[in-house]
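All remarks here apply to the structure that follows.
The values are calculated or read from the model by the stated rules, or taken from the named source; none is laboratory data. Keep in mind that this is a model prediction, so the values were computed, not measured. Neighbour counts are summed over all protein chains in view; Cβ atoms, including those assigned to glycine, are modelled from backbone coordinates with ideal geometry.
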Amino acid sequence: MAGIAGFLYALSAVLCKKGLETGTGTIRSLVITNLFMSFCFLPYPMLADRGIQIDDFTIGSSLGLLFFLGQFFCFLALRSGDASLITPIMGAKTILVAFFLVLHDLSPNTISWKTWFSAALSAVAIGMLSWPSKKMDKTMKSLVLAFGAAASFALLDSMVPYFTHISDPYNLLFFVFFSVGVYSLVFIPWTEGKLLPFRQGIDLWMWASALPMGIQAILMSLAIGMFKLPTEANVFYACRGLWAVLLIFLIGKSIGITEGKAPPRLIVRRSIGATLLFAGVLLIAF
């Protein structure tokens, strides 16, 4: 489930990149994608075994704030630095999930050495897959913001399994992601142009990226919230880095994404990263 979510996230990222290159606007794409993702969770309360409780709202909206803060930090990091710098730092999320589970004693089971080792391999692999081939200024501000985003998402993933199993999972997850859409409304004054009018030939890519983003959010919410395996799920989810490389190679030119030919050193580094990522997944699976 988490592996499929990783593929869908990578597909969404590739389509979103095309949309940004055609001029959809970064903040506008972020707001619309978050709102669409929130709407995907509207049926959740109808699947719940009990009615909505006040704790579902208070805890869910608090956890949703963590997701919102992660998005916010990520956006600020991208504003002050390059995406190829920010993405590898986000790979620290896998390690941080395991760290927060231990720190807050949130895991019902002891985290095995295989899980820790797989999480470490995944973080290193994502860095090797995403690190830029050219030298660039690595400002402390960008690094701190990116790490803040990774920490926010990791803390969310470590807390969701605990709270979903002392409440109704469907009700709680509904409020987590519905609140993300509500919080995202704060960004509207800073959107590039008007938010809603559909721009022919531009916004199609943005909406095409929003659909797999919403589906992967549902899959990850089920993997983490229902099965209580946040660290393991994030290891499989980390395959999104490999999927992104493959998708750009397979469909990047056909959809017109601006991509230069990768230098040999970058290809070798990404190959090593893909191998480490695959090894981490196999270690968890078997």
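Going by the structure shown, is PHE36 modelled with pLDDT of 90 or more, surrounded by fewer than 21 Cβ atoms within 10 Å (Cβ to Cβ), more than 13 Å from the chain's Cα centre (by Cα) and closer than 17 Å to LEU219 by Cβ? So PHE36 fits the description; yes.
The rows are residues; the columns are (1) closer than 22 Å to ILE32 by Cα; (2) at pLDDT 75 or above; (3) crowded, with 17+ Cβ neighbours inside 10 Å.
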| site | (1), (2), (3) |
| --- | --- |
| LEU69 | yes, yes, yes |
| THR87 | yes, no, yes |
| PHE100 | no, yes, yes |
| HIS104 | no, no, no |
| ASN109 | no, no, no |
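On inspection, LEU172 fails the criterion of being part of a loop (DSSP other than H, G, I, E, B) and either without any contact (Cβ under 8 Å) to a residue 12 or more places away in the chain or not basic (Lys, Arg) (or both). A single member of ALA120, ALA77, ALA125 is at pLDDT 65 or above, within 22 Å of LEU156 (Cα to Cα) and crowded, with 19+ Cβ neighbours inside 10 Å, and it is ALA77. Residues of the stretch 146-174 that are of a type in the set (D, E, K, R) and under 13 Å from the mean Cα position of the chain (by Cα): ASP157 alone.
Look at PHE39 and say whether it is in contact with a helix residue (DSSP H, G or I) (Cβ under 7 Å, 6 or more places away or on another chain) and touching a residue at least 12 places away in the same chain (Cβ under 8 Å). In short, no.
Yes/no per residue for (1) at pLDDT 90 or above; (2) over 22 Å from ILE52 (Cα atoms):
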{"position": "SER152", "(1), (2)": "yes, yes"}
{"position": "THR164", "(1), (2)": "no, no"}
{"position": "PRO169", "(1), (2)": "no, no"}
{"position": "PHE174", "(1), (2)": "yes, no"}
{"position": "VAL182", "(1), (2)": "yes, no"}
{"position": "ILE188", "(1), (2)": "yes, yes"}
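Taking the criterion of being among the acidic types (Asp, Glu) and surrounded by 16 or more Cβ atoms within 10 Å (Cβ to Cβ), the only residue of the stretch 192-222 that qualifies is ASP203. Scanning the stretch 143-191 for residues that are in contact with a Cys (Cβ under 9 Å, 6 or more places away or on another chain) and surrounded by fewer than 21 Cβ atoms within 10 Å (Cβ to Cβ) yields one hit, GLY148. Among the residues making up the stretch 257-269, those that are modelled with pLDDT of 70 or more and under 24 Å from the mean Cα position of the chain (by Cα) are ILE257, ARG269. Pairs linking a residue in the stretch 217-234 that is modelled with pLDDT of 80 or more to a residue that is among the hydroxyl-bearing types (Ser, Thr, Tyr), with Cβ atoms under 7 Å and 6 or more positions apart or on different chains, are MET220/TYR237.
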